[in-house]
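The values are calculated or read from the model by the stated rules, or taken from the named source; none is laboratory data. Keep in mind that what you see is a predicted model, and the values were worked out from it rather than measured. We place every Cβ from the backbone using ideal geometry, glycine too, and count neighbours over all the protein chains shown.
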Amino acid sequence: MKIKLLYTISSGGEKLTFERIIIKDGVEMLEGYAEVKPKAGPPMHVHYKQDEIFEILSGKMAYQLADGITRYAYPGDTVIAKAGVAHKFWNDGDDMLFCKGYVTPPYNFIYFLSEIYKSINENKEGRPGLYDSAYLLNRYKSEYDMTEIPSFVRKFIFPVVLFFGNVLRKSKKFSGAPTPVL
């Protein structure tokens, strides 16, 4: 069974197109495509509930898992980041990197990334706004984490930003946020 989505988000050097949800053997898989400009890619992050799979269509992907070793993938290669394993990737070539990707199960992947990209685009500093990051990473802490954020920021800055942001009702922008997966 296939459910069509065809929804695209972009920010900085990345463009993601979520094409469809495939239900295979009773398991949902989000299928889509990534276009990544040279030297661009997401910071170290983790999906606690989802596997993320990339099939390299063209270009050169460099990636790291939690062990910090840089590896490379080329057209025809498949890169898998298992649930719970921190990872990052970037375009290590001079041409665009094109990948077909899968996230299984999708859960709140589209919502979370859409809001992060939207915040990056609004912030104009190449990263999400402080309140948006604190809110989304707190709300979806059972699903996602950005491991490159310093622990001081997570433990001290984020709670203060959340408190004052909530007092100022900044959370209204997330009123339609889906329930986190526990």
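Which one of these does Glu125 not meet: (1) among the acidic types (Asp, Glu); (2) in the same structural domain as Ile22 (by TED's automatic domain parsing); (3) without any contact (Cβ under 8 Å) to a residue 12 or more places away in the chain?
(2)
Just to check your reading of the model, which residue among Tyr135, Tyr107 is in a helix (DSSP H, G or I) and surrounded by 14 or more Cβ atoms within 10 Å (Cβ to Cβ)? Lay out the reasoning, then the answer.
Numbers: Tyr107 fails: in a helix (DSSP H, G or I).
Just one listed residue meets the conditions, Tyr135.
Taking Gly76 as the residue in question, decide whether it is in contact with a Gly (Cβ under 9 Å, 6 or more places away or on another chain) and on the phi > 0 side of the Ramachandran plot.
Details: in contact with a Gly (Cβ under 9 Å, 6 or more places away or on another chain): no; on the phi > 0 side of the Ramachandran plot: yes.
No.
Mind checking which residues of region 138-182 are touching a strand residue (DSSP E or B) at 6+ places or on another chain (Cβ under 9 Å), surrounded by fewer than 17 Cβ atoms within 10 Å (Cβ to Cβ) and among the hydroxyl-bearing types (Ser, Thr, Tyr)?
The answer is Thr147, and nothing else.
Of the residues in region 149-182, how many are part of a loop (DSSP other than H, G, I, E, B), out of contact with any Lys or Arg (no Cβ under 8 Å at 6 or more places or on another chain) and on the phi < 0 side of the Ramachandran plot? Steps first, answer last, please.
Applying the first criterion (part of a loop (DSSP other than H, G, I, E, B)) to region 149-182 yields 149-150, 168-169, 175-182.
From the residues that got through so far, the ones that are out of contact with any Lys or Arg (no Cβ under 8 Å at 6 or more places or on another chain) too are 149-150, 168-169, 175-176, 178-179, 182.
Right, trim to on the phi < 0 side of the Ramachandran plot and you get 149-150, 168, 175-176, 178-179, 182.
Total satisfying the criteria: 8.
Quick one: what pairs do we get from region 20-38, first residue in the same structural domain as Glu52 (by TED's automatic domain parsing) and basic (Lys, Arg), second surrounded by fewer than 16 Cβ atoms within 10 Å (Cβ to Cβ) and in a strand (DSSP E or B), C-beta under 8 Å, 6+ apart or different chains?
Pairs that qualify, where the first residue is in the same structural domain as Glu52 (by TED's automatic domain parsing) and basic (Lys, Arg) and the partner is surrounded by fewer than 16 Cβ atoms within 10 Å (Cβ to Cβ) and in a strand (DSSP E or B), are Arg20/Lys2; Arg20/Ile3; Arg20/Lys4; Arg20/Leu6.
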